[in-house]
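The values are calculated or read from the model by the stated rules, or taken from the named source; none is laboratory data. A quick note: this is a predicted structure, and the numbers were derived from the prediction, not measured. Cβ: placed from backbone, ideal geometry, glycine included. Neighbour counts: every protein chain shown. When the accessible area is computed, the model is the full protein with side chains, heavy atoms only, and any ligands, DNA or RNA have been set aside. Shrake-Rupley method; radii C 1.70, N 1.55, O 1.52, S 1.80 Å.
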Amino acid sequence: MGIRKQAANALTVCRILGSLGLLALPAFSPGFWALCLFCGLTDMADGPVARRTGSASAFGARLDTAADAVFLAAAFGKLLPVLTVPGWLWAWLAGIAAIKTGNLLWGFRHRKGLVTAHTAWDRLTGLVLFLLPLTLPWVELRYSAVPVCVLATAAAVREGKVLRWGTPPSLRREAETEGLKTERSFDGEKYLG
């Protein structure tokens, strides 16, 4: 595969490296915010680049999911020690994590592999989650976290529905509109973002 075909995966790897760089910077420092912005921009760019270059793949979707996890772990690993997180928010985050974990386990058991849905809901959740740390200097976490948790919960539930009962026609149309592929897998379809 040529350099052009690897551009999307290169952006995703840059996000992983940038995420690891967050660990070396003080939370809320200008460098921290700049690296967060870099990671967010590469996250928004890798999918469109993959589609535009015709290099979208299941590997790229998995790499993107891994990069998202590394970014979240690094960003929250730096931010959580300096934030006051209410108990209800911990419980809500645990519920979202349980739904996402259940989706992954269901995929491994019934689809025999890592199956995730990269839908508009997931992209919107990612955008709002990316913006969350940028709001913290002005909006208390107990307020700014609510829209993120609502979207993340809805996206996780939708992902579970897609995995268990197949891709609804509206999601198939969304995929086709964006030039993505759906792949038949057992009793439904998995969405390759």
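Treat each spin label as a single point 7 Å out from the Cα along the C-beta direction, and report the Ile3 to Lys112 distance in nm.
For Ile3 paired with Lys112, the spin-label model returns 4.0 nm.
How long are the three semi-axes of the equivalent ellipsoid for the stretch 3-112, computed from the Cα gyration tensor as the root of 5 times each eigenvalue, in whole Å, largest first? Intermediate values should be presented prior to the final figure.
Working: eigenvalues 138, 103, 17 Å².
Working from the Cα gyration tensor, I get semi-axes of 26, 23, 9 Å.
Please list, in order along the stretch 98-105, the HN-Hα scalar couplings obtained from phi with the Karplus expression 6.51 cos²θ - 1.76 cosθ + 1.60 (θ = phi - 60°), rounded to whole Hz, x for Gly and Pro.
Per residue, the Karplus-derived 3J(HN,Hα) values read 5, 5, 5, 5, x, 4, 5, 5 Hz.
What share of all Cα pairs of the stretch 1-47, in percent, falls into each consecutive 10 Å distance bin?
Calculated P(r), rounded to whole percents: 30, 45, 20, 5.
Through the Karplus equation 6.51 cos²θ - 1.76 cosθ + 1.60, θ set to phi - 60°, convert the phi angles of the stretch 79-84 into ³J(HN,Hα) values in whole Hz; use x for Gly and Pro.
7, 4, x, 9, 10, 9
When ligands, DNA and RNA are left out and all protein chains stay put, how many square angstrom of accessible area per residue does the stretch 68-120 have with a 1.4 Å probe?
54
What is the distance, in nm, between label points placed 7 Å from the Cα along the Cα-to-Cβ direction at Ala94 and at Ala58?
Inter-label distance under the simple model: 3.5 nm.
Take the Cα of Val146, step 7 Å along the line toward its Cβ, and report every residue of the stretch 75-96 whose backbone nitrogen sits under 19 Å from that point.
84-96
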